[in-house]
Every structure is written in structure tokens, then in C-alpha cells.
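What follows is a short report on a single structure.
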Amino acid sequence: MNFAIGLLSVGGTFLTSLALSEVKSMKVFVVFVVLMVVTLLAGLILLVLWRRESRASQSTVQAIRNRGVPAEGMPGVSDRGGQ
């Protein structure tokens, strides 16, 4: 997720730079547009992949919790701190 946030921030910065400034050189404009598109797409892809993985992890945790194992701890271990 950290890479997704970073790439989306960089892409947003390129987008803002293009919107607020006048680029006189066509080469510089093309470079900014390419970098903007690549970073925004990469950020979105990583964000979608993170979300999918997050849902898979949540379903795994839920499946483990649904097994019905009591939450009492290990047998023979006292919770009273040695008493």
C-alpha cells in the first residue's frame, strides 16, 4: 500500500504541474504526460492488488475464528500469575 500511495502522490503532482503551468517545450510536455500516466496507473494497480490481498487475509482470519476453538488458552496454564 505504501508504494501505491507514493505513486498516486507523484502522479497527482505531475497532473497538478501540467494543469497549473505552461510547458513551452513539446518534449518536456510529453515526458510529464508519460510520467503522470505511468505513475497513476501503477499506483491504481498496486492499490487494487492491496485491496484484493486485504480481503483474502480477512476471509482467512474469519475462517480461523469460525473453527470453534475455545478462546481459553492452553490447558494447564494458570492465568493468575503463578498462584
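Only the coordinates and a few stated rules stand behind these numbers; no lab work does. Please read all numbers here as calculations on a predicted model, not as lab measurements. Note that we place each Cβ from the backbone using ideal geometry, even for glycine, and neighbour counts take in every protein chain shown.
Given R₀ = 22 Å, FRET efficiency for Q58-S9 by Cβ-Cβ distance, to 0.05?
Values: r = 26 Å, r/R0 = 1.19.
So, using R0 = 22 Å, E works out to roughly 0.25.
From the alpha carbon gyration tensor of segment 2-53, can you work out the equivalent ellipsoid semi-axes (sqrt of 5 times each eigenvalue) and give them in Å, largest to smallest? Don't jump to the answer; show the numbers that get you there.
Working: eigenvalues 131, 18, 7 Å².
Each semi-axis is the square root of five times an eigenvalue, giving 26, 10, 6 Å.
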